[in-house]
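Working notes, structure below.
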Amino acid sequence: MVATTVDSISDSGPGIDESIVARAAQRLITAAETRRTCAPLRDGLISPDDVATAYRIQERFNAARVSPEVTVVGRKIGATSQAVQQQLGVDQPDFGVLFSDMAYSDGDVIPIDRLLQPRAEAEIAFILGADLADGPLDIAQCRAAVAEAVAALEIVDSRITDWNISFADTVADNASSGLYVLGTERRTLDDFEPVDVAMSMRIDGDEVSTGNGAACLGDPLNALSWLAQQARTFGEPLRAGQVILSGALGPMRPLHPGATVTAAISGLGTVTASFTTASEVSQ
């Protein structure tokens, strides 16, 4: 993985009030630090569809997280499936940043107190073998840039109370990022076609979500191409070594203390994570 820091991803555009950016980012920072959810940012700060300001807030929020021990290791694409868009009440994808302290391995037990309102979704993660900074950034270029694909669980989370979010709220909140878990089976795209996968996700043994590759913007490689273009536009292109979570293959589902979640993605095997109980957290 390539460790980088968060640089400026956008310039202040016309109409962006930096005092509002600072106040909104601080609301999210305080929620994260105190582990208490906050009111939506559209509550007195930004309009629900002010995407430019929302990404500026995301930048400020993320910058507060970076330290010598916590670095950027990739990006995530959010709200790629129609099912998740309907769950969140949004109508377009967004993107956020993955940090080194978000990463877990297959089979890990995750402290539930790291999260506020966790929900799980299953997706394909791409490990980049080349930069996506120049050129058309189309599907052919993105396919060639992928070194490996791997099954992944994204544990999304929201600093905003009751997931009461607009599109601008979730963008500002680092695309509702929480944690992620990567499986152990790795495939190159020479012998694996992301659009053809079928997905089943279980929580405590019960199937709670199903989907397929086409549910992710028609093809997970479409999602990667979209992200590569957005990242370059915002001044921080995708780089070799980064982990890219390409977006949900089906509906996300809430998690509870003590839960075990497993996703099976055809061609990529399974990925599992468990969560501590409330009593284990308090010990």
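The values are calculated or read from the model by the stated rules, or taken from the named source; none is laboratory data. Keep in mind that this is a model prediction, so the values were computed, not measured. We place every Cβ from the backbone using ideal geometry, glycine too, and count neighbours over all the protein chains shown. Surface accessibility is based on the protein's heavy atoms, side chains included, excluding ligands, DNA and RNA. Shrake-Rupley method; radii C 1.70, N 1.55, O 1.52, S 1.80 Å.
Out of everything in segment 133-147 that is farther than 14 Å from Leu227 by Cβ and part of a loop (DSSP other than H, G, I, E, B), what residue ends up being least open to solvent (accessible area, probe 1.4 Å)? Filtering first and then ranking leaves Gly135. If we scan segment 213-227, do we find a residue that is over 29 Å from Arg42 (Cβ atoms), open to solvent by 30 Å² or more (accessible area, probe 1.4 Å), in a loop (DSSP other than H, G, I, E, B) and out of contact with any helix residue (DSSP H, G or I) (no Cβ under 9 Å at 6 or more places or on another chain)? Within segment 213-227 (the criterion being over 29 Å from Arg42 (Cβ atoms), open to solvent by 30 Å² or more (accessible area, probe 1.4 Å), in a loop (DSSP other than H, G, I, E, B) and out of contact with any helix residue (DSSP H, G or I) (no Cβ under 9 Å at 6 or more places or on another chain)), the answer is no, since none of the residues qualifies. Taking every residue in segment 109-132 that is under 21 Å from Gln82 (Cα atoms) and buried (at least 18 other Cβ atoms within 10 Å of the Cβ) and pairing it with any residue that is modelled with pLDDT of 95 or more and of a type in the set (Asp, Glu), at least 6 positions away or on another chain, the pairs with Cβ-Cβ distances below 7 Å are Pro118/Asp157; Glu121/Glu154; Glu123/Glu154. Selection within segment 234-263: residues that are within 28 Å of Ala144 (Cβ to Cβ) and small (Gly, Ala, Ser). The member of this set that is surrounded by the most Cβ atoms within 10 Å (Cβ to Cβ) is Ala248. If only residues of segment 195-212 that are surrounded by fewer than 18 Cβ atoms within 10 Å (Cβ to Cβ) and not in a strand (DSSP E or B) are counted, the one that is nearest to the chain's Cα centre (by Cα) is Val195. Of the residues making up segment 260-272, not a single one is outside any strand (DSSP E or B) and either within 28 Å of Asp113 (Cβ to Cβ) or acidic (Asp, Glu) (or both).
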